[in-house]
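Following: one structure in structure tokens, then a few remarks.
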There are 2 protein chains.
Amino acid sequence: MSDFEEHPLYRIMHPRSIAFWGASSNSMSMGSIQLANLLSMGFEGAVYPIHPKEPEILGLKAYSKIGDVPETVDLAIFVLPTKVVPGVLEECGQAGVKRAIIVSAGFSEKEGPEGKEMQDQLVRTAKKYGITFIGPNCIGAVNPSLNLNTTFFPYEATPGFIGMASESGSFITQMFVHLAKFGIGFSQGFSLGNEAMIDLADCLEYLAQCPTTKVIALYVEGIRRGRHFVEVARRVSRIKPIVAFYVGGSEAGRRAGQSHTGAMAGPDRLYDGIFRQCGIVRARSIEELFDFCYVLGSQPLPRGNKIGILTHSGGPGAAAADSAERAGLKLAKLTPETQEALAKLVPGTASVKNPVDLTFTRNHGDYMEILPKVLLKDEQVDLLFIYCLMPQHRVMTVVLGSGMASISASEFAENYIRDQSVAAASAAADSGKPVAGGSFCDRSELFVKELQDHGLPVLPSPERAVTALGALYRYANWRKIFS
Amino acid sequence: MSDFEEHPLYRIMHPRSIAFWGASSNSMSMGSIQLANLLSMGFEGAVYPIHPKEPEILGLKAYSKIGDVPETVDLAIFVLPTKVVPGVLEECGQAGVKRAIIVSAGFSEKEGPEGKEMQDQLVRTAKKYGITFIGPNCIGAVNPSLNLNTTFFPYEATPGFIGMASESGSFITQMFVHLAKFGIGFSQGFSLGNEAMIDLADCLEYLAQCPTTKVIALYVEGIRRGRHFVEVARRVSRIKPIVAFYVGGSEAGRRAGQSHTGAMAGPDRLYDGIFRQCGIVRARSIEELFDFCYVLGSQPLPRGNKIGILTHSGGPGAAAADSAERAGLKLAKLTPETQEALAKLVPGTASVKNPVDLTFTRNHGDYMEILPKVLLKDEQVDLLFIYCLMPQHRVMTVVLGSGMASISASEFAENYIRDQSVAAASAAADSGKPVAGGSFCDRSELFVKELQDHGLPVLPSPERAVTALGALYRYANWRKIFS
């Protein structure tokens, strides 16, 4: 067994069998929706619904108690009223179950001592029986490559490279649709709730070892074991990038977080300091968290901070240049050889200085394949931003203009866009340098989909793409100093 | 004639006839694409292609020179090689044409004195004949309600309420698809290029009078007539909100802008000061520019800065609260009456303090209609943010769970989502208070489309929606002080 497989979280994320509490013939209850969702994703392990009265739930044989289930299950999931949770956990312990996800809320996040006390009782029971549990007050976990999704949202993205530990269930489940916008997804995702046993630091250790996780995303309302977190994060960020979005730095965010998961927040400056000493890249919004993860998880580290900008639109080029400087990057000074090579390829109105602005493009092929290659060959260029725009209607105009019949033109245009996108993505990958694209078009445009699906991250604006490249540089710089 | 109709830009944006230079039998040239685009949008005025040799272009009778055209056209559009532009402008002047859009580049934005000199010549010619022109080095203009689109991009959005003046053509044309993401659009859009005659301040004056323009967007690489701009902007922003995205504040942005349109930039602090004294709201990216315009152009002004946050997801609620404080808003302290009213409507795990967090929602109807009404009635609440999430699959689960046959369930679910969205949008509108929604879902989800189409702005994340509400408050505050 590898270290990864020996980690306590491994079997929670790779269960061979699950016992499920809280589903019933009331198909509108949260538990029923979660179980239906687990089944519909095609999880292949055994699933045992537990219900005191009902003999069958969602087509599965149900058991009245865990003791009746014919095997010792790998994972117990509770979607139960708060008060019955401690008793059921006790039963699980007696039945030899070693892992649980406690979705039920109403514990330490509630005001007053009662909830906290009940949560302490859960921990005592778990320790007595050697149980590891996630939650309470969480939404569960997702491991898409295993079709494991214990949440109540269908997983709409692909299995991906982002491993996430979140102090909000929504920032797991409601990100499925967000990540799908870019054709990316989670490798593993944890909703941690009140973190009675398993916290952010535990997930960091686990995700550091997870082979499909290329970057770690954290949503933080407050860190519980500060010193331990720092120690783990410093170690992990030497191996994999960690990006964190922290909302507890403002008074309003702190209070909202506290009533949400009972986490202890601290002022912005404190968390800035923690993140900086750990090599954690801080994101300022959920969108930025995933923008950064997208680029940090898919692109190689740059050697320096000098960026090349390729555009055929002056405004997006200027916006990219402005964002680059604000993100700590410098515009690369292209070598005379590069400028000479560019001058042969571009129209007279174009600028062969950085930003390289092609203005009106007659030849998309040059733009997507040849020009990136020329720029990436320049030793002055450490990172490259490409403003991407090859909408189908434009290509069709050109193809139809060449006299092709419209019936074959559409196929021709699609193939052309596909070929050019693959060429651009390959040129980027072959260079060994980080490249990001920006476009106001989304995946409904073929060029965006093809670029993204071939490994070139395309973000929804020049500013967002360049800002993410800046984050990649800051991480690379930290690695250079501390590794 | 109204003041609006007397403005020199009115007839450029409402031409009854157009002469067009630069289209030809080469359908792949930029001019041909632009003319084809103008025609395909269904512009109803007369269009006269001018070409020295070709008798017919894109199915229209072509004229060898402007003097041959049977009427004095309202507008001339040049997509011509730089060197021939001055001569053609002279011919226009002799033929009595009073308005032009000069798309051709290669003037003052080029290094060296030659381009600048040619541009000065254009201005001299224009003044001699009383011509007003936009450009050179621009991409044209768009007035969607008139089906006027002189650019080379199809207008994919709806006629909207955002009037834009831009020192980048791309930030007109490539925004068509961006605005379409929200179901909004331009009222009027100007690409100004080198601003030899018509500049940002002229557009501000015109857009201030334009009845369909509810908010003015500026993309700024540099302001040319500083004192005049300030004088105009201060006047206009007392009537309509102005939002500006400025990229010249960094050294990299300044240089990129200069080679783009030759605009003179200044340090960030200077422009911050200019914007502040004019009541212009500054946006930090193109996305933010349109986020702000969306909310400032569609929502009433708040009386104060106290925001209510309605959510059923703790993370998005905390992120919204954090963003609110960073954007200068305060979390409203709900009155005891409101908290009492809420307590009756929400489950035990919910928080009836602000953020109002419903946790797991059984009743979407309460969430979308009743709860917003309760919160908007509270005199402590000046603005409201609603985290929106009513995906079709969730509603279908509930509807199917109630035993309805799947064939009628889908229609039922759609009607339900539509009704709830309309109810939420109406509750917002009836309150007279500003409301914005945030959702990670896009318009492919019916609830987003319906909310947006009924006037409730929905932005792609809680942070973006709340930040835009913060911008609205800052503008309202400025109006309160200076109007």
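The values are calculated or read from the model by the stated rules, or taken from the named source; none is laboratory data. Since the model is a prediction, treat every value here as computed from it, not as a measurement. Glycine also receives a Cβ, built like all others from the backbone with ideal geometry; neighbour counts cover every protein chain displayed. Areas reflect the complete protein model, heavy atoms only, side chains present, ligands, DNA and RNA absent. Shrake-Rupley method; radii C 1.70, N 1.55, O 1.52, S 1.80 Å.
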*Among the residues of region B:146-170, count how many are more than 13 Å from chain A (Cβ to nearest Cβ) and touching a Pro at 6+ places or on another chain (Cβ under 6 Å).*
1
*Consider A:Ser108 carefully, then state whether it is open to solvent by less than 20 Å² (accessible area, probe 1.4 Å), touching a residue at least 12 places away in the same chain (Cβ under 8 Å) and either assigned to a loop (DSSP other than H, G, I, E, B) or in contact with a strand residue (DSSP E or B) (Cβ under 7 Å, 6 or more places away or on another chain) (or both).*
no
*Going by the structure shown, is A:Tyr48 aromatic (Phe, Trp, Tyr), open to solvent by less than 50 Å² (accessible area, probe 1.4 Å), in contact with a Phe, Trp or Tyr (Cβ under 7 Å, 6 or more places away or on another chain) and free of Cβ contacts under 8 Å to residues at least 40 places away in the same chain?*
yes
*Do you know which residues across region B:328-339 are open to solvent by 10 Å² or more (accessible area, probe 1.4 Å) and closer than 24 Å to B:Pro460 by Cβ?*
B:Gly328, B:Leu331
_Leading residue by the ranking (farthest from the other protein chains (Cβ to nearest Cβ)) among those in region A:322-337 that are of a type in the set (A, V, I, L, M, F, W, C) and over 27 Å from the mean Cα position of the chain (by Cα)_ = A:Leu334
*Is it fair to say A:Thr125 is part of a helix (DSSP H, G or I) and either of a type in the set (S, T, N, Q) or on the phi < 0 side of the Ramachandran plot (or both)?*
yes
*Among the residues of region A:55-76, is there at least one that is within 14 Å of chain B (Cβ to nearest Cβ), touching a residue at least 40 places away in the same chain (Cβ under 8 Å), closer than 20 Å to A:Gly193 by Cα and buried (at least 21 other Cβ atoms within 10 Å of the Cβ)?*
no
*For region B:225-252, which residues satisfy the criterion of being within 14 Å of chain A (Cβ to nearest Cβ) and without any contact (Cβ under 8 Å) to a residue 24 or more places away in the chain?*
B:Gly249, B:Ser250, B:Glu251, B:Ala252
*Hey, A:Glu414 closer than 30 Å to B:Arg443 by Cβ, assigned to a helix (DSSP H, G or I) and open to solvent by less than 50 Å² (accessible area, probe 1.4 Å) or not*: no
*Considering region A:432-472 alone, what residues qualify as being of a type in the set (Ser, Thr, Tyr), under 21 Å from A:Ala217 (Cβ atoms) and surrounded by fewer than 24 Cβ atoms within 10 Å (Cβ to Cβ)?*
A:Ser461
_Of residues in region A:227-259 being over 21 Å from A:Ile216 (Cα atoms) and in contact with a strand residue (DSSP E or B) (Cβ under 7 Å, 6 or more places away or on another chain), the one most open to solvent (accessible area, probe 1.4 Å)_ = A:Ser259
*Go over the candidates A:Ala265, A:Ala319 one by one and state the one that is surrounded by 22 or more Cβ atoms within 10 Å (Cβ to Cβ), within 11 Å of chain B (Cβ to nearest Cβ) and not in a loop (DSSP other than H, G, I, E, B).*
A:Ala319
*In the set A:Asp453, A:Asp442, which member is of a type in the set (Asp, Glu) and more than 29 Å from B:Ser27 (Cβ to Cβ)?*
A:Asp453
*So, in region B:171-224, of the ones that are among the polar types (S, T, N, Q) and under 30 Å from B:Leu446 (Cβ atoms), which residue ends up farthest from the other protein chains (Cβ to nearest Cβ)?*
B:Thr212
*If you scan region A:1-45, which residues turn out to be in contact with a Lys or Arg (Cβ under 9 Å, 6 or more places away or on another chain), over 18 Å from A:Gln188 (Cα atoms), open to solvent by less than 30 Å² (accessible area, probe 1.4 Å) and assigned to a helix (DSSP H, G or I)?*
A:Ile33
_Residue in region B:77-110 that is farthest from the chain's Cα centre (by Cα), counting only those that are of a type outside the set (A, V, I, L, M, F, W, C) and within 14 Å of chain A (Cβ to nearest Cβ)_ = B:Lys83
*Enumeration of residues in region B:340-398 that are modelled with pLDDT under 90, crowded, with 21+ Cβ neighbours inside 10 Å and among the acidic types (Asp, Glu)*: B:Asp357
_Please go through (1) at pLDDT 95 or above; (2) more than 30 Å from the chain's Cα centre (by Cα) for A:Pro113 and return the number of the only condition it doesn't satisfy._
(1)
*When A:Cys92 is evaluated against the numbered criteria (1) at pLDDT 95 or above; (2) surrounded by fewer than 23 Cβ atoms within 10 Å (Cβ to Cβ); (3) in contact with a Phe, Trp or Tyr (Cβ under 9 Å, 6 or more places away or on another chain); (4) of a type outside the set (A, V, I, L, M), which criterion, by number, is the only one it fails?*
(2)
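Yes/no per residue for (1) more than 14 Å from chain B (Cβ to nearest Cβ); (2) within 19 Å of A:Arg326 (Cβ to Cβ); (3) not β-branched (Val, Ile, Thr):
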| residue | (1), (2), (3) |
| --- | --- |
| A:Ala424 | yes, no, yes |
| A:Pro434 | yes, yes, yes |
| A:Arg443 | no, no, yes |
| A:Lys449 | yes, no, yes |
| A:Asp453 | yes, no, yes |
| A:Thr467 | no, yes, no |
| A:Gly470 | no, yes, yes |
| A:Tyr473 | yes, yes, yes |
| A:Ser483 | yes, no, yes |
*Given the conditions (1) within 12 Å of the chain's Cα centre (by Cα); (2) in contact (Cβ under 8 Å) with a residue 40 or more places away in the chain; (3) farther than 19 Å from A:Ala321 by Cβ, and given that B:Ser166 satisfies all but one, which numbered condition is not satisfied?*
(3)
*Give just the number: which of (1) open to solvent by 10 Å² or more (accessible area, probe 1.4 Å); (2) away from chain B (no Cβ under 14 Å); (3) within 21 Å of B:Pro460 (Cα to Cα) does A:Val295 not satisfy?*
(1)
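For region B:126-143, indicate whether the set of residues that are away from every other protein chain (no Cβ under 14 Å), open to solvent by 10 Å² or more (accessible area, probe 1.4 Å) and in contact with a Pro (Cβ under 7 Å, 6 or more places away or on another chain) is non-empty.
Scanning region B:126-143, I find at least one residue that is away from every other protein chain (no Cβ under 14 Å), open to solvent by 10 Å² or more (accessible area, probe 1.4 Å) and in contact with a Pro (Cβ under 7 Å, 6 or more places away or on another chain), so the answer is yes.
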_Could you check region A:394-422 and list, in sequence order, the residues that are free of Cβ contacts under 8 Å to residues at least 12 places away in the same chain and either away from every other protein chain (no Cβ under 14 Å) or in contact with a Ser or Thr (Cβ under 7 Å, 6 or more places away or on another chain) (or both)?_
A:Leu400, A:Gly401, A:Ala405, A:Ile407, A:Ser408, A:Glu411, A:Asn415, A:Asp419
